[in-house]
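Chemist: Structure provided below as structure tokens; questions to follow.
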Amino acid sequence: MQGRHLLLAAMMAASSIGVQAAGGSAEAGKEKTSACIGCHGIPGYRTSFPEVYSVPKLGGQHPEYIVRALQAYKAGERSHQSMQGIAGSLSEQDMADLAAYYGGER
């Protein structure tokens, strides 16, 4: 019985992420990329804080993945100090807008 409740909760959470990403505006997201392009806009860029890390390309990522990753940084579930700070300043709408923009970029 408890497994069913966990499965139901996971399904509800996953569906809400998709709704948030689907509710984003790529046009609005493009206006919100200033904190992103400094690292994610440089092909092959590697950051050295807090450790050497290859910065991933955002263009073409699934919008739901982008929203979930930003939520995880904001919640402290992902441990990159710079990304935690940036994600901490984003609203759910900002995340959806950025996801819509980067999800449609190739």
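Chemist: Give the cross-link partners of residue 74 among the lysines, using a straight C-alpha distance below 18 Å as the criterion and excluding same-chain residues fewer than 8 apart.
Modeler: Within the straight-line limit of under 18 Å, residue 74 reaches these lysines: 32.
Chemist: Right, another one. Restricting to DSSP loop positions (anything but H, G, I, E, B) with no more than 12 other Cβ atoms inside 10 Å of their own Cβ, which GluC sites (Glu not before Pro) remain in the range 53-106?
Modeler: 77
Chemist: Name the residues of the range 69-95 whose amide N is less than 18 Å from a point 7 angstrom out from the Cα of residue 52 along the C-beta direction?
Modeler: Backbone N within reach: none found.
Chemist: Rounded to two decimals, what ratio of Rg to Rh does the range 25-102 give with C-alpha atoms and a Kirkwood Rh?
Modeler: 0.94
Chemist: Once phi is turned into ³J(HN,Hα) by the Karplus curve 6.51 cos²θ - 1.76 cosθ + 1.60 with θ = phi - 60°, what whole-Hz value does each residue of the range 60-76 show in order, with x for glycine and proline?
Modeler: Calculated HN-Hα couplings, in order: x, 5, 5, x, 4, 5, 4, 4, 5, 5, 5, 4, 5, 5, 4, 7, x Hz.
Chemist: For the residue pair residue 92 and residue 75, what label-to-label distance in nm results when each label sits 7 Å from Cα along the Cα-to-beta-carbon direction?
Modeler: Placing both labels 7 Å along Cα→Cβ, they lie 1.3 nm apart.
Computed from the coordinates by the stated procedures, all read-outs in this text should not be read as laboratory data. As the structure is a prediction and not an experimental result, all values here were calculated from the model. FYI the Cβ positions are ideal-geometry reconstructions off the backbone, even for glycines, and counts take in every protein chain you see.
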